[in-house]
Amino acid sequence: MNRRKNKCLIASSGCCFLAALAHLGCIVFGADWYRVFGAGEAMAQMAEQGLWYPTLVTLTIAAALCVWGTFALAGAGVIRRLPFTRSILVVITSVFLLRASSFPALMPMFPDNSLTFWLISSGICLFIGSLFAFGTKQEWSTLAQARK
């Protein structure tokens, strides 16, 4: 792979891996981290009680972020192409941008999450989603040729 690497997709990958690491930190460091990151008092209390739910939810999010980061690296040409890279990058972009824009509708479903959590996490999702969007657009024709 001697073509120039896509900086937006590389950055989006780094963001995904950092976000996954932060989620794993919540599992390792417990309730205080859930509180610091604004996940809500209910999640923090469940973590304090040793319940499986916060760990399962947090691990699922961390795993998804790692997979998404890996697809960003594949789209950027840092690692070899993965199956359906182009389509999956579009889906990942859509998920991040939808999450960023839909927080007003999501807030009532998670009343324990602070407004600070919603604003910061939505801003982060908008930023990462924009990186994915710009990076995917830059690679669109290259990714189409890789399908052939």
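A short reminder: the numbers here are calculations on the coordinates, not readings from a lab. In this text the structure is predicted, and so the values were computed from the model without any measurement. Because the Cβ atoms are built from the backbone with ideal geometry, glycine has one as well, and the counts that use them run over all protein chains shown.
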GNM on the chain, Cα springs under 10 Å; top mean-square fluctuation among Leu24, Leu89, Leu119 goes to Leu119
Counting each DSSP H run of 4 or more residues in the chain as -39500 (n - 2.57), what helix-only mean residue ellipticity at 222 nm follows after dividing by all residues, to the nearest 500 deg cm²/dmol?
-26000 deg cm²/dmol
About its Cα centre, segment 7-147 carries a charge dipole, from +1 on Lys and Arg Cβ atoms and -1 on Asp and Glu Cβ atoms, whose size in debye to the nearest 20 is 760 debye
When the charge dipole of segment 21-148 is computed with +1 at the Cβ of Lys and Arg and -1 at the Cβ of Asp and Glu, the Cα pointing farthest to the positive end, of Leu73, Tyr53, Cys26, is that of Leu73
If you take all C-alpha pairs in the chain, what percent of them are over 21 Å apart?
47 percent
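Pop the C-beta distance of Arg4 and Ile120 into the FRET formula with R0 = 41 Å and round what comes out to the nearest 0.05.
0.80
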